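So the structure is just underneath, and the comments pick up after that.
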Amino acid sequence: MKTKLILAAALSTVFFCGTAAARDNVLTMPLADIVGTDKAKQALLDVPFYFAGQNHPKVSNSWGDISTNKKTNGLGKSDDEACQWVLLSAIKALQEAAQKRGYDAVINIRSNYKNNEFSSATEYNCGAGRIMAGVALKGELVKF
């Protein structure tokens with residue numbers, strides 16, 4: 001009985017200390033560090049995408065906004081590496097949505113991490129924690 005009590009106390013300490021040490025930092029990261037790289041070219045589809053404020057061809061038809069929220073395992077990865085990987089996953093999800101609906105591109109892409117919209121032509125938001133990283137994006141599906 002005493003052994004079980006000691007084990008329960010030890011496990012509780014580990015659980016509560018781990019919870020207290022958890023982190024969820026919202027980072028503002030540069031798009032230029034990943035968009036346009038060989039890694040991005042290999043991971044993404046051939047569907048043009050434009051972040052808010054970036055010039056794009058004239059729109060002839062809009063499906064409207066679509067959202068995505070992607071997560072990735074952050075264990076053993078730097079915040080930069082995890083955030084870049086999950087950004088590519090989120091962009092690809094928007095590209096797949098455009099293809100599925102027969103649209104040409106995704107424009108006006110904004111970060112929407114925890115429903116806090118952030119618009120930038122050069123940066124995105126990423127939530128980086130001890131074990132997970134996440135990127136949420138919104139973008140408009142269009143035909144040119």
> What aspartates and glutamates sit close enough to Lys58 to cross-link, taking a C-alpha to C-alpha distance under 19 Å and skipping anything fewer than 8 places away on the same chain?
Replying inline: Asp46, Asp104, Glu140
> Taking the Cβ-Cβ separation of Lys39 and Leu75 as r and a Förster radius of 22 Å, what is the calculated FRET efficiency to the nearest 0.05?
Replying inline: 0.65
>> Tell me the per residue accessible area of the stretch 19-144 using a 1.4 Å probe; a whole number in Å² is fine.
In response: 52 Å²
>> Given R₀ = 25 Å, what would the calculated FRET efficiency be for His56 paired with Phe118, taking r from the Cβ atoms and rounding to 0.05?
In response: 0.85
> Taking the simple approach of a point 7 Å from Cα along Cα-to-Cβ for both Asp65 and Thr28, what is their distance in nm?
Replying inline: 2.0 nm
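The values are calculated or read from the model by the stated rules, or taken from the named source; none is laboratory data. Source: prediction; values computed, not measured. Note that we place each Cβ from the backbone using ideal geometry, even for glycine, and neighbour counts take in every protein chain shown. With ligands, DNA and RNA removed, areas are computed over all heavy atoms of the protein, side chains included. Shrake-Rupley method; radii C 1.70, N 1.55, O 1.52, S 1.80 Å.
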